[in-house]
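Worksheet for the structure shown next.
The values are calculated or read from the model by the stated rules, or taken from the named source; none is laboratory data. Just so we're clear, the structure is a prediction, and the values are computed from it rather than from any experiment. No Cβ is skipped: glycine too gets one built from the backbone with ideal geometry, and neighbour counts run over all protein chains shown.
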Amino acid sequence: MAGGNFDINVGKVRPGSYVNVKSKKQQKARGSTRGIAVIPFVGYDWGPDGEFIKLSVDSPDAYLHKLGRSVYDADDFMLMVREIFKNAVTCYVYVINTGIAAKKETEDGLTVTAVYPGARGNDISVVSAENVLGGFDVMVYMGTEKVETYEGMKTFGDLITASAGKYVTFKATSVETNLSALASLRLEGGDNGTAQNSAVTEFLDKVEKIRWNTMCFPVTEDALQAVCIAKIKMLRDSVGKYVQAVLPSCKADFEGIINVTNSVVLDDGTADGRPLTIAQACAWVAGATAGASKIQSNTGVEYTGAIDIIGVKSNEEAVQAIRNGEFFFSRSDEDRVVVESDINSLHSFTTEKTSDYAKNRVIRVYDSFAELLRLTFPPNKFNNDPDGWLIMEGIGRGLLNSYGPVSGGGDGSIMDINLEEDFYVDQSHSQGDETYFKVGLHAVDSAEKLYFSISTR
């Protein structure tokens, strides 16, 4: 179904629900499900190239065979998944793996090949030991972990038939050849190759087809960052997917992009800790953004597990960074590593996009309401006549109330509601199959700057 912004003078061709959000009182306009992040693994050393792997915080290792590692492994890619899962509930991993698969052939004609390309396949070994009940037990190891076992195999054909093919595949010059004992057959020749920019662009094209809230895009190359920015703008403005992306050191000046400009050191049990690059720190920001509700700001939220900051900003630097639309970490009065200000990269303000649009909490309110409108008002559900308009206005005003003050039964997302002015059908433009609405929203922000005037007596 189509979505995105619209021009009242042009209209649309595809059926759909189109939403404009602008900073004007006369147009001010149960939120969407959040907690879903997505991340590309560029140049990873294992896994299905060009495939999304859906991980859950409740069972992060459910696709261990596709990632080749536990999420709790020390690998840099797994670290980013863990950082995402500190706040998100779902993470889509997209593997970009264009290398060469490891393999090994025995003298009697059995060829063992890693299922996926990449250097991780070089950590695979195959052991064959005699079974007391007959035949041989063939065991596949990834490093020191046993990942597959086939008991009582007698011939190459038996092994080929029994193989699940999760880590390796077996081929033989003759399926009738009897198995023999193998102390350790180690695969070799696996190579990561070089990820092309076109593969990253393909990821950005495919990501439109899944549902998510925030993307971690840990890529520093300017050209690819520009492609990512363009994709997020297209998704938000033309497709109606109200998403954000988190990028390292990227001056996008757009509410859909969060620009992270410093990093942290994680407590890993060592004296110095584990320093993260800015790109790696983007993973935590993406998870925190995806996991935050529309009534929650991440300003002042602690980075769990962080013990130090890389690139601490002075007061003057911090002030300028906020003005430049930078998301960064600072120390709280309790000496914890926290988010300085939950803002996106927008810093050039207009009458349609005021300074409020730089606040991620505010954006979450607008985005969730826009998505809610699309879900509530699909095409071909209501009549485009006075009776239908009355029904739609009633439903829309109910949505406003659900976002309204807590004292009125809402969740506290918006305030200053005037039902008759803030949700109505523009009857002068609504005709044929086109219905136009006027929706007013005044998002509630967090109290982040507190000023006290004290009079002594």
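Hey, does region 365-385 have a residue that's closer than 30 Å to A288 by Cα and not in a helix (DSSP H, G or I)? Within region 365-385, one or more residues are closer than 30 Å to A288 by Cα and not in a helix (DSSP H, G or I).
Looking only at residues in region 145-161 that are among the acidic types (D, E) and either more than 18 Å from A114 (Cβ to Cβ) or in the same structural domain as S70 (by TED's automatic domain parsing) (or both), the one that is surrounded by the fewest Cβ atoms within 10 Å (Cβ to Cβ) is E151. Considered as a group, the residues in region 250-271 that are modelled with pLDDT under 95 and over 25 Å from G325 (Cβ atoms) include one that is surrounded by the fewest Cβ atoms within 10 Å (Cβ to Cβ), and that residue is A271. Note on region 223-249: residues that are modelled with pLDDT under 95 and either in a helix (DSSP H, G or I) or surrounded by fewer than 20 Cβ atoms within 10 Å (Cβ to Cβ) (or both) total 3.
Quick check: is even one residue across region 88-100 over 15 Å from W46 (Cα atoms) and in a loop (DSSP other than H, G, I, E, B)?
Narrowing region 88-100 to residues over 15 Å from W46 (Cα atoms): 88-92.
Now restrict to residues that are in a loop (DSSP other than H, G, I, E, B): 88-89.
The answer is yes, given that some residue of region 88-100 is over 15 Å from W46 (Cα atoms) and in a loop (DSSP other than H, G, I, E, B).
Would you confirm, using the coordinates I've provided, whether G134 is among the small types (G, A, S) and at pLDDT below 95? For G134, the condition - among the small types (G, A, S) and at pLDDT below 95 - is met. Looking only at region 112-135, filter to residues that are outside any loop (DSSP other than H, G, I, E, B) and surrounded by fewer than 22 Cβ atoms within 10 Å (Cβ to Cβ); which one of those is nearest to the chain's Cα centre (by Cα)? Within region 112-135, the match that is nearest to the chain's Cα centre (by Cα) is A119. When we screen E352, E316 for residues that are among the acidic types (D, E) and either in contact with a Ser or Thr (Cβ under 9 Å, 6 or more places away or on another chain) or surrounded by 19 or more Cβ atoms within 10 Å (Cβ to Cβ) (or both), the only hit is E352.
Can you name the residue in region 400-438 that is of a type in the set (V, I, T) and out of contact with any helix residue (DSSP H, G or I) (no Cβ under 6 Å at 6 or more places or on another chain) and is also surrounded by the most Cβ atoms within 10 Å (Cβ to Cβ) among such residues? Steps first, answer last, please.
Going residue by residue through region 400-438, those that are of a type in the set (V, I, T) are 406, 414, 417, 425, 435.
Remaining after also requiring out of contact with any helix residue (DSSP H, G or I) (no Cβ under 6 Å at 6 or more places or on another chain): 406, 435.
On the way: V406: 10, T435: 21.
The extreme case among them is T435.
Scanning region 162-177 for residues that are among the hydroxyl-bearing types (S, T, Y), surrounded by fewer than 18 Cβ atoms within 10 Å (Cβ to Cβ) and either touching a helix residue (DSSP H, G or I) at 6+ places or on another chain (Cβ under 8 Å) or over 26 Å from R120 (Cβ atoms) (or both) gives T173, S174, T177. Go through the residues of region 71-78 one by one and say whether even a single one is among the acidic types (D, E), part of a helix (DSSP H, G or I) and either crowded, with 17+ Cβ neighbours inside 10 Å or modelled with pLDDT of 95 or more (or both). Within region 71-78, one or more residues are among the acidic types (D, E), part of a helix (DSSP H, G or I) and either crowded, with 17+ Cβ neighbours inside 10 Å or modelled with pLDDT of 95 or more (or both). Just one of the numbered conditions (1) over 16 Å from G109 (Cα atoms); (2) surrounded by fewer than 20 Cβ atoms within 10 Å (Cβ to Cβ) is not true of M142: (2).
When S198 is tested against (1) assigned to a helix (DSSP H, G or I); (2) under 17 Å from the mean Cα position of the chain (by Cα), just one condition goes unmet, and that condition is (2). Tell me, which residue of region 180-198 that is at pLDDT 95 or above and aliphatic (A, V, I, L, M) is nearest to K231 (Cα to Cα)? My answer is L187.
Looking at T220, is it within 20 Å of C250 (Cβ to Cβ) and part of a loop (DSSP other than H, G, I, E, B)? Yes, satisfied.
Name every residue in region 32-68 that is among the charged types (D, E, K, R), touching a Gly at 6+ places or on another chain (Cβ under 6 Å) and buried (at least 20 other Cβ atoms within 10 Å of the Cβ), in order of residue number. Please lay out each step first, then the result.
Taking region 32-68 and keeping what is among the charged types (D, E, K, R), we get 34, 45, 49, 51, 54, 58, 61, 66.
Now restrict to residues that are touching a Gly at 6+ places or on another chain (Cβ under 6 Å): 45, 66.
D45 - this is the single residue of region 32-68 that is among the charged types (D, E, K, R), touching a Gly at 6+ places or on another chain (Cβ under 6 Å) and buried (at least 20 other Cβ atoms within 10 Å of the Cβ).
A62 passes every criterion in (1) outside the structural domain of G165 (by TED's automatic domain parsing); (2) part of a helix (DSSP H, G or I) apart from (2). The condition of being surrounded by fewer than 22 Cβ atoms within 10 Å (Cβ to Cβ), farther than 30 Å from D267 by Cα, at pLDDT 95 or above and in the same structural domain as A271 (by TED's automatic domain parsing) holds for only one of R323, R397, R331, that being R323.
Quick check on this structure: which one of T90, T98 is in contact with a Lys or Arg (Cβ under 9 Å, 6 or more places away or on another chain), among the polar types (S, T, N, Q) and either over 30 Å from T177 (Cα atoms) or surrounded by 14 or more Cβ atoms within 10 Å (Cβ to Cβ) (or both)? Before the answer, list the steps.
On the way: T98 fails: in contact with a Lys or Arg (Cβ under 9 Å, 6 or more places away or on another chain).
Of the residues listed, the single one that is in contact with a Lys or Arg (Cβ under 9 Å, 6 or more places away or on another chain), among the polar types (S, T, N, Q) and either over 30 Å from T177 (Cα atoms) or surrounded by 14 or more Cβ atoms within 10 Å (Cβ to Cβ) (or both) is T90.
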